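Visitor: Below are the structure tokens for one structure; questions will follow.
FYI, it's all coordinate maths here, none of it is from the lab. Note that the structure is a prediction, hence the values are computed from the model and not measured. Note that each Cβ is placed from the backbone with ideal geometry, even for glycine, and that neighbours are counted across all protein chains shown.
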Amino acid sequence: MAIRSRYGKLGFIVIGVLIIIAIVLIADNQAESAPTVSTQSYTPTDSASQDSLSSEKVNLARLKSRVEASPNQPVDTTNLDSQITSIINANMDVVIGVSIKDLSTGSIHNYGNPGAMTAASVTKVLTAVDYMKEVELGHKSLDTVMSNGHTAQSNIEQMIVVSDNDAWHILNDSLTYTQLQAYAESIGLSSYYYGDNVISAADTTKLLGDMYQRKLIDESHTQLLLSYMERANYRDLIIPAVPTTDTVYHKAGEYLVNLNDAAIITNSQETIVLSIFTESLYSYDKPRVSAIMQQITAPTLQTFQLN
């Protein structure tokens, strides 16, 4: 009985040793078959192929530089605040709404009337962005020949460059006004209402800023729209106060007593969006209102080092 017990214990020991050996061999095999993790960093390429971020296509090189750039310090606007407030107070017979966004820091500065005002042709930018977004979603095409015999792209160009109202109405009818309203709300333009064609200066600045920063439409469509806005008419409002060394992409609008201009102003270092909306209460004097816009623009450019 003692011999049998001794052999039984020895058997258990041998089995235990075999189990340990088997576990070690399995672990070694798994380690050998595991994929090697590359230590080489991924470098995005700036080519026609574009990545996706939050469902919006962006230019990879521009995105990379924007993400890696050190955040700039907000500009001190104390003097500008006082200057713009003084201009508004000196022209109480004109309702004025001003909105500025520094795209380098994201800081926003609003003055005067904060509410929605008659937009006139400024919201033609919204129509263009919405239509281009529908193209990206596969719902529309820039090559579609519309009811006036021109392609959608040609109508967008005419709508932005020479502010053609017929082209605007054709594009809006194609989108439908309810869809246009829904799109505006989806991108945060809470003050926009298509029925009265109203929007605030602040929401207009948001629209232009988000478009310029490639948050709304892809790179090729953004560049196409900016090329139209660079050539847009009504160049006697904000633009005379802008140095020729700066680039301006803008859309202006005039309707009855309302005169508006919204512009992206940029040089090699700084970019801002400046929207100025006006409504004359008693008598409409376009040269005078244009001068007010330039009075607001000049110190704005000086403050943000665009002069």
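Visitor: In region 77-303, with Lys and Arg counted as +1 and Asp and Glu as -1 at Cβ, which of these residues, HIS139, GLY149, PRO114, has the Cα nearest the positive end of the dipole, that is, farthest along it?
Guide: Result: PRO114.
Visitor: Further, regarding this structure: If neighbour count is taken as other Cβ atoms inside 10 Å, put GLU279, GLU136 in order from fewest to most.
Guide: GLU136, GLU279
Visitor: Let me ask another. Just add up the charged neighbours of SER163: K/R +1, D/E -1, any other residue whose Cβ is under 13 Å from the Cβ of SER163.
Guide: Counting the neighbours of SER163, the net charge comes to -1.
Visitor: Right, next: Treat the count of other C-beta atoms within 10 Å as a stand-in for reagent exposure and order HIS169, HIS221, HIS250 from fewest to most.
Guide: HIS169, HIS221, HIS250
Visitor: Report the local net charge at THR300: Lys and Arg +1, Asp and Glu -1, summed over other residues whose C-beta lies under 13 Å from its C-beta.
Guide: Net charge in that neighbourhood comes out at -4.
Visitor: Tell me, LYS206, LYS140, LYS251 in order of fewest to most beta-carbon neighbours within 10 Å?
Guide: By the 10 Å Cβ count, ascending: LYS140, LYS206, LYS251.
Visitor: May I ask which residue of VAL257, MET229, ILE170 lies farthest towards the positive end of the charge dipole of region 165-259, with charges of +1 (Lys, Arg) and -1 (Asp, Glu) on Cβ and the Cα centre as origin?
Guide: Of the candidates, MET229 comes out farthest on the positive side.
Visitor: First measure r as the distance between the Cβ atoms of THR105 and SER147, then evaluate 1/(1 + (r/R0)^6) with R0 = 51 Å and state the FRET efficiency to the nearest 0.05.
Guide: According to the calculation, E is roughly 0.70.
Visitor: Moving on to the next point. Between region 124-183 and region 69-103, what's the alpha-carbon centroid distance in Å?
Guide: Centre-to-centre (Cα) distance: 33 Å.
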